[in-house]
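Novice: Quick one: structure below, then a few questions.
Every number in this text was worked out from the coordinates using simple rules, so none of it is lab data. The structure presented is a predicted model; accordingly, all values stated were derived computationally and were not measured. Neighbour counts are summed over all protein chains in view; Cβ atoms, including those assigned to glycine, are modelled from backbone coordinates with ideal geometry.
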Amino acid sequence: MSEATWASVPDGSPFGPAVLPYGCFSLDRQPRRVGVRIGDHVLDLAGLARDGLLGVFPAAQAAFAAPGLDVLMASGPDAWRATRERVAALLADGRERARVEPHLHPLGDAELHLPFAVADYADFYASLHHATNLGRLLRPGEEPLPPNWRHLPVGYHGRAGTVVVSGTEIVRPRGQYLPAGARAPEYGPSRRLDVELELGFVIGVPSRLGTPVAVADALEHVFGVVLLNDWSARDLQAWEYRPLGPFLGKSFATSIAAWVTPLAALERLRVPAPAQEPAPLGYLREDPWALDVDLEVELNGDVVARTSARNLYWSPAQMIAHLTANGASLRTGDLLGSGTISGPERGERGSLVELSWGGEEPISLPGGQTRAFLEDGDAVVLRGTALAEVAGRVVPAA
C-alpha cells in the first residue's frame, strides 16, 4: 500500500495511507455512515460513493451509506481489498483531489459511534504470562496453568450488548463479593475494578453452522482489529468464577476503539513466534506467528505498562479454529478478544491485578498517588501500533 498522499497527515500520526482504519461517524446530527480515518480527518466513503468515486463492488453504495460497517464486513475479502486500494489511490492521485477533498472532514467535527453491531462476543485467555500470573494469584500453591491451557485456546462467551465505543463512561458495577476474612458475601459496588489490555478481532465473513473453520482459512473471516478493554471487577469475579467462569465481574462493560484497523494493514507486523509445546492437535496446528504490535496502558495521563502482542501464545487463527471446532458458526460482527496481553516483566503486565500483584504492591503515580485498582474518576487509555486508542473514565456506581 502506497505511503504517498496529498492529504494532511501530521508527523508521527499512525493513520497514514498504509493504515486507513474504518469507522462509523455522523456530522451535525445527520445520518450515520462509514468513513476512513486519514491523519486527523474523516473521509466520507458514503459521499465518495454517491459521487461515483467508489463503486468498487456491487453493494458498495449501500455498504458505505449504512449506519455501521456490517454490510462492508459481510462483503468479503475481495470487497475489502478493492475498497482499500481505491481509497489509497484517491488519496495519492492529486488529479482527484478537487473531487475528493470536499468529503474530508476534521475529526473534531465528527461524532464517532460504535463501528459495527456486535453479534457475539467471546473472550480468550491467550497470553502465557497473563495466564501464569493469574494462576499464581488465584490459586497459590497450585500449578499456575490449568492442564488444558497449552492444548487449546481457553475462552468464555461474554455479553455483546455491553460492548461500548471508546470514550463511553464506565459505571462502577455492583455485585456480590466475599470480603477478606469474611465467611458470607456482601452486595455493593466493586472495590477491585480493573482494566484488561487486549486486541479484538472483528469477524466479517460468517461461517456455516455445523461446519468448522480450518485454521488455514480462519483469517479469511477476519475483517480487522481493534484495541479492547475488558473492564473487570476482580472481587465479583473471584467469588463467582467457579464452576462456570466469569459472569457479572465481566459483563457490565467492554470498550473498543471507534476505528477498526483492517487486518491487511497489520500484515507487515506479522512475525514468527516460538514453537508451541506440546505441539497442538492437528486442527490447531500452523506455523507459530504473532503480531508485533507495541501496546501501552495509560492511567490518569501516566503510562503504567508497555508490552507487545508478540506475547500472545495462541494466534487469532487458532482461536477461530477452536471456537468453530464443534460446529459453532461465526457471524458478521462477532468480536473475539485475545484476553489480557502481558509480558514477562512487571512493567509489561496488561492489568492492574498483575501490576499491583493482587493489591499487595500498589503502583506509583505522579504526585505521590498510588493505585492497586481503579478509583472513581480514573481515566484509562489503551494505545497500540497502527490502532486507534480506546479510552474510558470510571464514574461512581449507580
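Novice: May I ask which residue of Leu312, Leu284, Ala325 lies farthest towards the positive end of the charge dipole of the stretch 284-331, with charges of +1 (Lys, Arg) and -1 (Asp, Glu) on Cβ and the Cα centre as origin?
Specialist: Among Leu312, Leu284, Ala325, the one farthest towards the positive end of the dipole of the stretch 284-331 is Ala325.
Novice: In what order do Asp11, Asp376, Asp70, Asp334 fall by count of nearby beta-carbon atoms within 10 Å, going from fewest to most? List each step's numbers first, then the result.
Specialist: Numbers: Asp11 4, Asp376 13, Asp70 20, Asp334 26.
Least to most surrounded, the residues fall as Asp11, Asp376, Asp70, Asp334.
Novice: OK, next. List the residues whose amide H sits under 5 Å from the amide H of Gly337, counting only those 5 or more places along or on another chain, with H placed 1.01 Å from N in the peptide plane.
Specialist: Ala122, Asp123, Phe124, Phe201
Novice: To make sure I understand, if each residue's beta carbon is the centre and we count other beta carbons within 10 Å, what order do Asp292, Asp378 fall in, fewest to most? It would help to have the intermediate numbers written out before the result.
Specialist: Working: Asp292 15, Asp378 19.
Going from least to most buried by this count: Asp292, Asp378.
Novice: Here is a follow-up. Per the helix-only calculation at 222 nm, which mean residue ellipticity applies to the chain, given -39500 (n - 2.57) for every DSSP H run of n ≥ 4 and division by its residues, nearest 500 deg cm²/dmol? Provide the component values of the computation, followed by the final result.
Specialist: Working: 10 runs with 71 residues, N = 398.
My calculation for the chain gives -4500 deg cm²/dmol from helical runs alone.
Novice: Taking springs between alpha-carbon atoms closer than 10 angstrom, which of Gly175, Gly343, Gly158 fluctuates most in the Gaussian network model of the chain?
Specialist: Gly175
Novice: Under 10 Å, Cα contacts only: if you run a Gaussian network model on the chain, which one of Leu197, Leu336, Leu138 comes out with the highest mean-square fluctuation?
Specialist: Of Leu197, Leu336, Leu138, the Gaussian network model singles out Leu138 as fluctuating most.
Novice: Quick one, which of [x] 24; [y] 18; [z] 47 is the actual percent of Cα pairs over 36 Å apart calculated for this model?
Specialist: Checking each listed value against the structure points to [x].
Novice: In whole percent, what relative contact order does the chain give with Cα contacts below 8 Å and a gap of six or more residues?
Specialist: Dividing the mean separation by the residue count of the chain yields 20 percent.
Novice: Along the charge dipole of the stretch 22-113, Cβ charges K/R +1 and D/E -1, which of Pro77, Val36, Leu91 sits furthest on the positive end?
Specialist: Of Pro77, Val36, Leu91, it is Pro77.
Novice: Where Lys and Arg each count +1 and Asp and Glu each count -1, what net charge lies around Ala160 among other residues with Cβ under 15 Å from its Cβ?
Specialist: On the way: positive: Arg159, Lys250, Arg331; negative: Asp70, Asp120, Asp123, Asp230, Asp334.
Charge balance near Ala160 sits at -2.
Novice: Next question. Would you mind working out the magnitude of the charge dipole of the chain relative to its Cα centre, with +1 at each Lys and Arg C-beta and -1 at each Asp and Glu C-beta, to the nearest 20 Debye? Please report the intermediate quantities before stating the final value.
Specialist: Details: 35 positive and 47 negative charges, 142 e Å.
With only Lys, Arg, Asp and Glu charged at Cβ, the dipole is about 680 debye.
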